[in-house]
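The values are calculated or read from the model by the stated rules, or taken from the named source; none is laboratory data. Here the structure is a predicted model, which means the values were calculated and not measured. When we count neighbours, we look across all protein chains shown, and the Cβ atoms used for this are built from the backbone with ideal geometry, even at glycine. Side chains are part of the model used for accessible areas, which takes the heavy atoms of the whole protein and leaves out ligands, DNA and RNA. Shrake-Rupley method; radii C 1.70, N 1.55, O 1.52, S 1.80 Å.
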Amino acid sequence: MKTYFINSIRFVLLILIQVLILNQFNVFGYINPIIYPLLIILLPFNIKSVQKLILAFILGISMDIFEDSGGIHAAATLTIAYLRPLFLRNAFGLSYDYQTLKFYNAPFRERFIYVSLMVLVHHTVLFSLEIFSVDHLLYFIEKTIYSSIFSILLIIITLNLIRKNSK
C-alpha cells in the first residue's frame with residue numbers, strides 16, 4: 001500500500017514539474033528537459049507487466065492532454081515500459097535475473113546505463129513521432145541527442161537527491 005501512495009505522489013509531482021516548469025524551457029530550439037520518465041524508471045522491479053503498461057499509458061496520455069500532442073507521449077512511455085525488462089537485464093545483469101536488485105545499492109555505472117537507455121529510447125520515439133519527416137533528419141538527431149543528455153543529467157541529479165533524502 002505504501003508503494004501505491006509513493007507512486008501516486010511521484011506521478012502528480014512529475015507531471016506538475018514537467019508541465020508547469022520544464023516545458024517552459026527550450027534552449028537553442030533543441031534542448032527540452034523531460035523528467036517524467038523517472039516514474040517508469042523507479043517502478044518496482046517485480047511489478048506485473050499489465051500494471052506497468054497501464055501506468056505508462058496513463059502517464060503518457062496525461063502528458064498528451066496537457067500538451068495537446070495527440071498520443072506521442074503515450075507511445076513513448078509505452079515503449080520504454082514494454083522494453084524495461086530488457087534494459088534492466090542489460091544494465092544490472094544477474095542481480096535483476098535473480099531478483100536481488102536494490103536500485104540505490106547498485107553501482108552508479110549500472111544505474112547510469114539503465115537511465116540512459118530508458119531516456120534515449122523514450123526521446124527517440126517521442127521526437128521521431130513529433131517531427132515525423134525525413135527532411136528534418138538532422139534536426140531530429142540534434143534534438144534527440146541534446147535533450148537526452150540534458151534529461152539524463154537532470155534525472156541522475158534527481159535520483160541522487162531522492163536517495164539522500166531517503167537515508
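General observations
- Ranked from largest to smallest solvent-accessible area, with a 1.4 Å probe on the protein heavy atoms, Glu110, Glu67 come out as Glu67, Glu110.
- Entries in Lys52/Lys143; Lys2/Lys52; Lys52/Lys102 that, when Cα-Cα distance is taken, lie over 21 Å: Lys52/Lys143
- Rel. contact order, % - alpha carbon contacts under 8 angstrom, at least six apart, the chain: 25 percent
- Segment Val134-Val27, extension gain: residue separation times 0.36 nm, minus the distance between their alpha carbons: 36.2 nm
- Within the accessible area of segment 16-167, the carbon and sulfur atoms contribute 67%, probe 1.4 Å, all protein chains present.
- At R0 = 25 Å, FRET efficiency that the Cβ-Cβ distance of Leu153 and Arg109 yields, to 0.05: 0.95
- Ordering Leu59, Ile113, Asn26 by the projection of their Cα atoms onto the charge dipole of segment 1-133, which places +1 on the Cβ of Lys and Arg and -1 on the Cβ of Asp and Glu, puts Ile113 at the extreme positive end.
- Rg/Rh, computed from the Cα trace of segment 17-77 with Rh as the Kirkwood radius, has the value 1.02.
- From the coordinates shown, mean projected area of the Cα convex hull in nm² corresponds to which of (1) 12.6; (2) 14.1; (3) 9.9: (3)
- Simple point charges give the picture: +1 on the Cβ of Lys and Arg, -1 on the Cβ of Asp and Glu, and for the chain a dipole about the Cα centre of about 960 debye.
- Accessible surface, the chain, averaged per residue in Å² (probe 1.4 Å): 57 Å²
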